[in-house]
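Enquirer: Have a look at this one before I ask anything.
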Amino acid sequence: METILKTSQLGIQFGGHKAVDNVTIDIPKKHFKSIIGPNGAGKTTFFNLISGELQATSGEVFFKGENISRRSPVERTRLGLGRSFQITNVFPNLTVLENVRLAVQSREKIRFHVLRHFTSYKRITEGAISILEQVMLTNKLYMPASQLSHGEKRKLEIAMLLALDTEVLLLDEPTAGMSLEEVPAILDVIRGIKRSSEKTILLIEHKMDMILDLSDSIMVLFNGRLLADGTPQEIMNNETVQNAYLGGLYDEQLTMP
């Protein structure tokens with residue numbers, strides 16, 4: 001199976017602390033991989049290394065065979081790596097449609113003429129609306145993003161990633177801060193993207209029922225190290241993983257499987 005994203009001995013050190021410690025993974029195209037681990041395991045830091053928000057102190061990141069370790073976050077996004085954050089990252093004073101339309105515009109490298117009304121750019125607007133249909137926000141097209149619920153903002157953020165035509169979606173705790181009532185909607189959106197698109201998805205999430213429902217494979221980080229990587233069933237049956245989550249392992253006792 002074709003590899004789209006790969007890390008080789010990837011790591012970062014802050015002083016004497018190795019936040020990510022020599023992690024090597026291969027992620028196939030159109031694969032759904034979840035990343036789990038206790039708080040402080042290095043999950044978000046690992047995402048930051050892949051997206052370029054942080055520069056690794058060791059190792060490399062490859063995207064479609066190209067070494068992108070020294071590329072900026074913007075360059076990586078243009079190549080096809082899209083990143084969402086634990087805190088929503090939308091333009092609050094623009095409408096839902098305007099947020100997504102700007103992302104489409106950026107992808108198409110089109111600058112709007114100041115004297116030309118945006119409705120004349122029919123293809124861009126229609127493309128934005130089509131993406132908003134995927135995330136179930138067409139009933140909010142002209143609402144300012146600031147007035148959306150937290151769950152709706154997360155859906156809008158995903159829509160903006162889709163509008164950029166990213167091939168790999170890095171979703172960092174998309175249900176963080178949501179009410180119980182909002183979670184099923186974002187779950188439906190992610191499930192729909194998995195089912196109907198060619199996207200590769202990496203997900204950081206704490207809700208195990210969601211992870212088991214969506215994932216093709218799961219990788220487990222513990223103290224910055226790759227503890228296990230396998231199918232959901234393999235991970236659930238892995239005694240080392242169970243001990244790590246139950247608090248039975250400590251730094252000095254940790255043995256890699």
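Enquirer: Of the residues that make up region 30-49, is at least one modelled with pLDDT under 95, assigned to a loop (DSSP other than H, G, I, E, B), loosely packed, with under 14 Cβ neighbours inside 10 Å and at negative phi?
Expert: Yes, that holds for at least one residue.
Enquirer: Going by the conditions given, is L221 farther than 23 Å from G82 by Cα and surrounded by 22 or more Cβ atoms within 10 Å (Cβ to Cβ)?
Expert: For L221, the condition - farther than 23 Å from G82 by Cα and surrounded by 22 or more Cβ atoms within 10 Å (Cβ to Cβ) - is not met.
Enquirer: Okay, next question. With E234, E205 as the choices, which residue is of a type in the set (D, E, K, R) and without any contact (Cβ under 8 Å) to a residue 24 or more places away in the chain?
Expert: After ruling out the rest, the residue left standing is E234.
Enquirer: Return the residue satisfying two criteria in turn: it lies in region 2-29 and is small (G, A, S) and at pLDDT 95 or above, and of such residues it is nearest to I218 (Cα to Cα).
Expert: Here the residue is S8.
Enquirer: Now a separate question. Looking at (1) free of Cβ contacts under 8 Å to residues at least 24 places away in the same chain; (2) under 18 Å from Q105 (Cα atoms), which is the one condition that is false for S69?
Expert: (2)
Enquirer: The conditions are (1) within 15 Å of the chain's Cα centre (by Cα); (2) more than 18 Å from K33 (Cβ to Cβ); (3) surrounded by fewer than 16 Cβ atoms within 10 Å (Cβ to Cβ), and M160 fails exactly one of them. Which is it?
Expert: Against the list (1) within 15 Å of the chain's Cα centre (by Cα); (2) more than 18 Å from K33 (Cβ to Cβ); (3) surrounded by fewer than 16 Cβ atoms within 10 Å (Cβ to Cβ), M160 comes up short only on (3).
Enquirer: Let me ask you something else. Just need a number here: residues in region 142-178 that are touching a helix residue (DSSP H, G or I) at 6+ places or on another chain (Cβ under 7 Å) and more than 21 Å from K43 (Cβ to Cβ).
Expert: Final tally of qualifying residues: 15.
So that you can scan it fast, the table gives a plain yes or no per residue for (1) in a loop (DSSP other than H, G, I, E, B); (2) over 23 Å from the mean Cα position of the chain (by Cα); (3) at pLDDT 95 or above:
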position	(1), (2), (3)
G192	no, no, no
L212	no, no, no
M219	no, no, yes
Q242	no, yes, no
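Enquirer: Residue check: is T125 polar (S, T, N, Q), touching a residue at least 12 places away in the same chain (Cβ under 8 Å), touching a Phe, Trp or Tyr at 6+ places or on another chain (Cβ under 8 Å) and within 14 Å of L97 (Cβ to Cβ)?
Expert: When the stated conditions are applied, T125 passes them.
Enquirer: Across region 62-99, which residue is surrounded by the fewest Cβ atoms within 10 Å (Cβ to Cβ) among those that are assigned to a helix (DSSP H, G or I), among the aliphatic types (A, V, I, L, M) and modelled with pLDDT under 95?
Expert: So, considering only residues that are assigned to a helix (DSSP H, G or I), among the aliphatic types (A, V, I, L, M) and modelled with pLDDT under 95, the one surrounded by the fewest Cβ atoms within 10 Å (Cβ to Cβ) is V74.
Enquirer: Out of P184, P174, I need the residue that is in a loop (DSSP other than H, G, I, E, B), under 30 Å from A128 (Cβ atoms) and either among the aromatic types (F, W, Y) or modelled with pLDDT of 90 or more (or both). Which one?
Expert: P174
Enquirer: Tally time: how many residues in region 15-39 are within 13 Å of L226 (Cα to Cα) and without any contact (Cβ under 8 Å) to a residue 24 or more places away in the chain?
Expert: Residues flagged as within 13 Å of L226 (Cα to Cα) and without any contact (Cβ under 8 Å) to a residue 24 or more places away in the chain within region 15-39 amount to 1.
Enquirer: Mind checking which residues of region 100-149 are modelled with pLDDT under 85, assigned to a helix (DSSP H, G or I) and not aromatic (F, W, Y)? Explain how you work it out, then say what you get.
Expert: Keep residues of region 100-149 that are modelled with pLDDT under 85, which gives 105-123.
Then drop every residue that is not assigned to a helix (DSSP H, G or I), which leaves 105-108, 118-120, 122-123.
Result: Q105, S106, R107, E108, T119, S120, K122, R123.
The values are calculated or read from the model by the stated rules, or taken from the named source; none is laboratory data. Computed from a predicted model, the values in this text were never measured in an experiment. Glycine gets a Cβ as well: all are built from the backbone with ideal geometry, and neighbour counts include every protein chain shown.
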